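Bear in mind these aren't lab numbers, they're just calculated from the coordinates by the rules spelled out. Keep in mind that what you see is a predicted model, and the values were worked out from it rather than measured. In this analysis, Cβ positions are derived from the backbone assuming ideal geometry, glycine residues included, and neighbour counts consider all displayed protein chains.
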Amino acid sequence: MPGIPRVRRNRIILILIVMVCVTMITVYAREGDNGPLHKIQGFFTDIITPFTSALAKIFRPIKDGVMNVIHLPSLLQEKRELERQVVSLRRESLETKELRAELDKLKALLRWSEGSPYKETVGAEIVAQSPDNWRRLMIVNKGSSHGVKKYMSVVTDSGLVGRIISVGSRSSVVQLITDAQSAVGGRNSRTRETGILEGRNESTLRFIPMSEEAVFEVGDMIVTSGLGGSCPPGIPVGRVTEVRKRGRGLTRLVIVKPFVQFSRLDKVLIIITPEPESAILKEAQ
Amino acid sequence: MSRRRKIAIGLAMLISYLLQLSLFPELKISGVQPDLMLVIAAVVAIQDGPVEGCIVGFIGGLAFDLTGSQVVGVGAFSRAATAFILGVFKDMFVTYTVLLPFVLVFFGGLVEQLLYHGGLTVLGSEVLAPLNVKHLFTVAFYDSIVILVFFPIIKKFKGSDSADQLGAVRTGM
């Protein structure tokens, strides 16, 4: 802005910045998911995805190197633990062979009785993680052009990772189950008690049982209940590591360690069918 | 601000943006990562002035707002406002020491997170994790460590046309 005094120019710039911010916040808060700012956001994410994807590959050896150095002391302890587990697993392996034959028969019966719905999935690669310290989000390189829709579940062979909360044409944002905003219906696979699994922005989850009389033990496996309609039932989530009794008759607090190791994630599966009920309802509206 | 310096800051912002999305989330310490864009905005605010820092903070914050699903404008505002405050605060110090950017960015890190968290909470559209003081201080500390790396690098590109009071003092950085 030539010809304008510096002080006045600075004042104009400051006012402009504040006005632009306020306008953007207002427009974003009032518009729907298909509003212009949401579209720009999706478009922007699509543009940077190839770059971050390439950089993630370049930086992987550096990351692995740093992580190895950091984890060196625990590796020795892990080695001893693994040796102990090998002995135990060899013994269990013999028992498992017998049980597997029985399980195959039961599975065949179960499929026949339930007519198990075919779950279509799409593989995706994690290309970026949230730069935000208050959220646990990841960006994957699959979007609406691959059939991905909002609220679809994201899994790995270990268990539930999270769900899609924002979809671009070639990328999507995944909200991890550890995110403080995440809440998923869960079930104790041993006792069949249901509850809600909440993220805490930490490495563990909080399971809030529906019933105060529910019995939980350390080691119990938690799977998705399917209640709430966002996640298909039966997806493994984690194992109970701690059971706390809150005072004044409040609901018992159960801490669950997820099966998925989020720091080592690079590839995930997005469950396309069955579609989450919330997405179907939204489309119907 | 010289053309060479503008290019250097632009490049630093671009590299930081890509690093922030690809490398730093993998190198979290105590579950947090530094806010590189705030650090660059703070460096510019300290070395060039509050308005220049404010512009850099705005552009950097907007870039992050557009990546993900957060409300667009909140991150831009929080970083721009913080850089401006830091630039104004810097002018209040008569003497300059190596510790000044460290202390200013630590303070800026706290302010930025409170603005960002507070902004989103007030808007109510994004329910974030509860404000955690330990988390808050760790991020601010991490930011202030990172500025010790960025500060001398960006200062190297400070042209002779912008010899302000900072250039006149003996900094040792």
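The table below gives the values:
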read-out: Tail weight of P(r) past 21 Å, computed on alpha-carbon pairs of segment A:125-285, percent; value: 44 percent
read-out: Contact order relative to length of segment A:125-285, as percent, for alpha carbon pairs under 8 angstrom and 6 or more apart; value: 22 percent
read-out: Size of charge dipole - segment A:27-109 - debye, nearest 20, with Cβ of Lys, Arg +1 and Asp, Glu -1, no other charges; value: 180 debye
read-out: Chain A: DSSP helices with Cα axial extent of at least 15 Å and average Kyte-Doolittle hydropathy no lower than 1.0; value: A:6-30
read-out: Highest-fluctuation residue, A:M138, A:M152, A:M19 considered, GNM on chain A with Cα pairs under 10 Å; value: A:M19
read-out: Longest site-free stretch - chain A; sites: GluC sites (Glu not before Pro), DSSP loop, at most 16 other Cβ within 10 Å; value: A:32-201
read-out: Residue among A:I164, A:L137, A:G199 farthest towards the positive dipole end of the protein assembly as shown, charges placed on Cβ; value: A:L137
read-out: Linear extension gain, A:V218 paired with A:R60, 0.36 nm per residue minus alpha-carbon span; value: 53.4 nm
read-out: Range of Cα positions in segment B:3-158 per principal axis (Å), largest first; value: 41, 29, 28
read-out: Where labels lie 7 Å past Cα in the beta-carbon direction, separation of A:L103 and B:D91 in nm; value: 7.0 nm
read-out: Which listed pairs, of B:K6/B:K155; A:K63/A:K257; A:K149/A:K267; A:K142/A:K267; A:K39/A:K142; A:K267/B:K134, have C-alpha distances above 20 Å, in listed order; value: A:K63/A:K257; A:K267/B:K134
read-out: Base-10 log of normalised Debye intensity for the protein assembly as shown (one unit scatterer per alpha-carbon) at q = 0.10, 0.11 Å⁻¹; value: -0.82, -0.96
read-out: Centre separation in Å (Cα based) which lies between segment A:25-49 and segment B:5-42; value: 23 Å
read-out: Förster radius 56 Å - calculated FRET efficiency between B:I15 and A:K79, Cβ distance, rounded to 0.05; value: 0.90
read-out: Other-chain or far-sequence residues with amide H under 5 Å of A:G238's (modelled H); value: A:I222, A:F259
read-out: Residue among B:Q70, B:V146, B:V122 farthest towards the positive dipole end of segment B:28-152, charges placed on Cβ; value: B:V146
read-out: Dipole magnitude of the protein assembly as shown, debye to nearest 20 (Cβ charges: Lys/Arg +1, Asp/Glu -1, about Cα centre); value: 740 debye
read-out: Cα→Cβ-extended label distance, 7 Å offset, between A:I70 and B:I29, nm; value: 1.0 nm
read-out: Extension gain from A:R239 to A:M210, taking 0.36 nm per residue of separation minus the Cα-Cα distance; value: 8.7 nm
read-out: Rounded to 5, the percent of DSSP beta bridges in chain A classed as antiparallel; value: 100 percent
